[in-house]
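Heads up, the thing below is written out as structure tokens.
The values are calculated or read from the model by the stated rules, or taken from the named source; none is laboratory data. None of the values given here were measured: they were computed from a predicted structure. As a convention, Cβ positions derive from the backbone with ideal geometry for all residues, glycine included, and neighbour counts pool all protein chains shown.
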Number of protein chains: 2
Amino acid sequence: MIKPGSHPTLADVARKAGVGTTTVSRVINGGHRVSPRTLKRVHAVIEQLGYMPNQAARILKGERTKTIGLVVPSIADPFFSSCAEAAQEIARAHDSLLIVTVTNNDPHIEMENLNVLMRHRTDGLLLAPANYQSEALAEFLGRISTPVVTFDRPVAKAGVPSVVTDNYNGARIATEHLVSHGYKRILCLGGEPTLYTLRERLRGYRHAIEEHGLPVIVDMSVKDYKSAEYAIESHLATSQPPEAIFTLKNSTTIYAFETLQKLRVAIPKSIALLGFDDFELASTLRPSISVIQQPIEDLGRIAAEILFEQLLPAKKSKYPSPKKRQDQVKLETRLVLRHSCGCNPTQEPA
Amino acid sequence: MIKPGSHPTLADVARKAGVGTTTVSRVINGGHRVSPRTLKRVHAVIEQLGYMPNQAARILKGERTKTIGLVVPSIADPFFSSCAEAAQEIARAHDSLLIVTVTNNDPHIEMENLNVLMRHRTDGLLLAPANYQSEALAEFLGRISTPVVTFDRPVAKAGVPSVVTDNYNGARIATEHLVSHGYKRILCLGGEPTLYTLRERLRGYRHAIEEHGLPVIVDMSVKDYKSAEYAIESHLATSQPPEAIFTLKNSTTIYAFETLQKLRVAIPKSIALLGFDDFELASTLRPSISVIQQPIEDLGRIAAEILFEQLLPAKKSKYPSPKKRQDQVKLETRLVLRHSCGCNPTQEPA
DNA sequence: GTCGCCGATGGAATCGTTTCCACCTTTGCC
DNA sequence: GGCAAAGGTGGAAACGATTCCATCGGCGAC
């Protein structure tokens, strides 16, 4: 008797179809080595009972869980949600589900999430770590046998493959571009100086500026609109105000734009603006904002692809692949010229 | 012997600690009814072995899977990613994981995702259905025993609780507001007329317009920027061009804004603009865009709360709760007045 | 001193699959 | 016509947790 409210089992199907459990198992796994007649009958019973294999039982028998975990600071952030969408797509192509967890950049929550995911035995992990230098995280990643790929931000000393934007180079190119416009005093504006990505971008800015013998002007105090406004007003009030602003992330870019707009400082006439990371309405604002564009979807997509690449071989050789590839994939950025930096692009696709 | 690369099991812990499996099980489930000495020893072994309970085995014994599924058209869309973040938060508070699947509004993919989620026996489902009228979906939802809550969009005849924005009322209020400015010819612009939300909004517009004896001017042909441009140009070229535009979703609002900007039609002087659904830079654009704002996070949060509410009682009474509540929660919108509709708000927080 | 209870503990069955092995037909080939 | 190979099938043992039930001291109460 099949209890109502509960799910029918493989044995239920077998009994009703008058065959053994082995046969039913074979049917739901491709139907090889089963006679056409039996196949048909079993399929009919499955349909009739609404039978759905219990994944938990399969997992217990050592099969893949067909799930991968995504650990990101936030999923509401368009950046990470785009990565997530790309990763989900790849997961789906590999017949897997994506479990999304949010750390809010808190290493404690991050570790908790990782532990929960490990209980669930996800086949792999996509991780955008809260902290680049975390010893605890590196230790954890070294200890577990589950493949991990970090993206957007790597983690030091963990020997884990990572997919990142070439932040350094992107920032260098951005700065070079502002220099080529003839600006001498270029303010680099940002916040959260602990973040790997921002540090790399800062490094790129610094390198380019110093190469040209220009003054390094850095202000990493921006946390929100208020602090951005304060920072910009301060710099504008100096005897030698900046001629251009390079913002390290898009929230900062927007704060800067709003502040300049409010102060009625003409962009790019009085001060030029160029931001790292594109955002949706950058080309709709007046003036439109020039940016360094990162291949966001590629980050998530390639990270997921590398992850599944590590997963597949385990099916062929039953020994876990000995070499955890430590490769770091660096994706190039693109300088998108709009009006805020002083360029006068002929046309831009909407 | 513990195989390397594999996970230690509860039995491994028991052996190493010199206790029975029952005792270890009790330890990892709160440590009640275990002597302090044993508790300590077992904990030490767990730590040493890096033991992590295998969730699959627990599930097989009839425990909760501690996972809920989220089925949405897209996760890159800021609207759904905000819902997802809210839902994730609630799930975490209930010690559960959130599995995210993307349908791309394709009923076929949707059904496939639902089936995969059912294999995994998620404790519950949060669903933003692709199609309001789908018979197949209603049938499926009626058949499964897993609790489901739909959000943003309900599904007809499924008797499933849903959390939605009061689209009708929001659109009515928006239209009323435009009418109160004295505009007589108000164009309602949108696309995808099959979507529940847009239909409701259209209904609200229509109701308000007719109540005032004004002409109903509807154009649901907008799919992308091109079609928006074409639609707006056509309407502007008529002998009696519209004095205001009410856009039914934010992508349309943006297309409309860009078109008017390109055509150098002054907003709101020559034509007013008011959109349904807020978006990030609506207040930064010039003019800033007046919108109907939905409580997006609340949608995801409340839907998840209702879902877990249905999950909890099952622990007390072991009979599945007989009454699937069919309640529909309707969340109110907010009219956010900026400049594009002709208002002159004193101040707006950034 | 025994009785009965309680706290601490362990043995073993169970959950729903997969899979190893064994068995029984066919069938093709000499 | 015999015989191996191959195809179709099923029984039963895993997988790793939970949990029912039994056992076993110790101890206060009579």
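Give me the pairs, please: first residue somewhere in segment A:67-83 and without any contact (Cβ under 8 Å) to a residue 12 or more places away in the chain, second residue anywhere and assigned to a loop (DSSP other than H, G, I, E, B) and crowded, with 24+ Cβ neighbours inside 10 Å, beta-carbon distance under 7 Å, and either six or more positions apart or on two chains.
A:Ser81/A:Ile75; A:Ser81/B:Ile75
Hey, among the residues in segment A:14-31 that are of a type outside the set (A, V, I, L, M, F, W, C) and within 7 Å of DNA strand D (Cβ to nearest atom), which one's farthest from the chain's Cα centre (by Cα)?
Filtering segment A:14-31 for residues that are of a type outside the set (A, V, I, L, M, F, W, C) and within 7 Å of DNA strand D (Cβ to nearest atom), the one farthest from the chain's Cα centre (by Cα) comes out as A:Gly18.
In this structure, does B:Val34 turn out to be within 14 Å of DNA strand D (Cβ to nearest atom), without any contact (Cβ under 8 Å) to a residue 12 or more places away in the chain, crowded, with 17+ Cβ neighbours inside 10 Å and not hydroxyl-bearing (Ser, Thr, Tyr)?
For B:Val34, the condition - within 14 Å of DNA strand D (Cβ to nearest atom), without any contact (Cβ under 8 Å) to a residue 12 or more places away in the chain, crowded, with 17+ Cβ neighbours inside 10 Å and not hydroxyl-bearing (Ser, Thr, Tyr) - is met.
What tally of residues in segment B:99-127 results from selecting those that are touching a residue at least 12 places away in the same chain (Cβ under 8 Å), at the interface with chain A (Cβ under 10 Å from one of its Cβ atoms), over 21 Å from A:Ser74 (Cα atoms) and among the polar types (S, T, N, Q)?
Residues in segment B:99-127 being touching a residue at least 12 places away in the same chain (Cβ under 8 Å), at the interface with chain A (Cβ under 10 Å from one of its Cβ atoms), over 21 Å from A:Ser74 (Cα atoms) and among the polar types (S, T, N, Q): 3 in total.
Of the residues B:Ser74, B:Ser96, only one is at the interface with another protein chain (Cβ under 8 Å from one of its Cβ atoms), under 30 Å from B:Gln293 (Cβ atoms) and of a type in the set (Ser, Thr, Tyr); which?
B:Ser74
Out of A:Ile245, A:Ile254, A:Ile217, which single residue is more than 14 Å from every other protein chain (Cβ to nearest Cβ) and crowded, with 22+ Cβ neighbours inside 10 Å?
Sole residue among the options that is more than 14 Å from every other protein chain (Cβ to nearest Cβ) and crowded, with 22+ Cβ neighbours inside 10 Å: A:Ile245.
Pairs only if they're at least six apart or on different chains, beta carbon under 7 angstrom, first in segment B:46-66 and more than 8 Å from chain A (Cβ to nearest Cβ), second assigned to a helix (DSSP H, G or I) and hydrophobic (A, V, I, L, M, F, W, C); list them, first residue then second.
Partner pairs satisfying both residue conditions: B:Ile46/B:Val13; B:Leu49/B:Val13; B:Tyr51/B:Val13.
Restrict the check to segment B:19-28 and report whether at least one residue is within 30 Å of B:Leu307 (Cβ to Cβ), more than 10 Å from chain A (Cβ to nearest Cβ) and within 16 Å of DNA strand C (Cβ to nearest atom).
Yes, segment B:19-28 contains a residue that is within 30 Å of B:Leu307 (Cβ to Cβ), more than 10 Å from chain A (Cβ to nearest Cβ) and within 16 Å of DNA strand C (Cβ to nearest atom).
If you go through segment A:330-344 one residue at a time, do you hit one that is outside any strand (DSSP E or B) and modelled with pLDDT under 95?
Checked segment A:330-344: at least one residue is outside any strand (DSSP E or B) and modelled with pLDDT under 95.
Determine which member of the set A:Ser162, A:Ser180 is more than 18 Å from A:His108 (Cα to Cα), free of Cβ contacts under 8 Å to residues at least 12 places away in the same chain and out of contact with any helix residue (DSSP H, G or I) (no Cβ under 6 Å at 6 or more places or on another chain).
A:Ser180
Could you identify the single residue in A:Ile254, A:Ile217 that is in a helix (DSSP H, G or I) and of a type in the set (A, V, I, L, M, F, W, C)?
A:Ile254
Can you tell which of B:Val222, B:Val164 is more than 17 Å from B:Phe279 (Cα to Cα) and within 14 Å of another protein chain (Cβ to nearest Cβ)?
Unique residue meeting the criteria: B:Val222.
Considering segment B:249-278 alone, what residues qualify as being at negative phi and among the acidic types (Asp, Glu)?
B:Glu258, B:Asp278
Among the numbered criteria (1) within 19 Å of the chain's Cα centre (by Cα); (2) surrounded by 24 or more Cβ atoms within 10 Å (Cβ to Cβ), which one does A:Ala174 miss?
Only one criterion in (1) within 19 Å of the chain's Cα centre (by Cα); (2) surrounded by 24 or more Cβ atoms within 10 Å (Cβ to Cβ) is unmet by A:Ala174, namely (1).
Within segment A:31-44, is there a residue that is within 28 Å of A:His94 (Cα to Cα), within 14 Å of another protein chain (Cβ to nearest Cβ) and not hydrophobic (A, V, I, L, M, F, W, C)?
no
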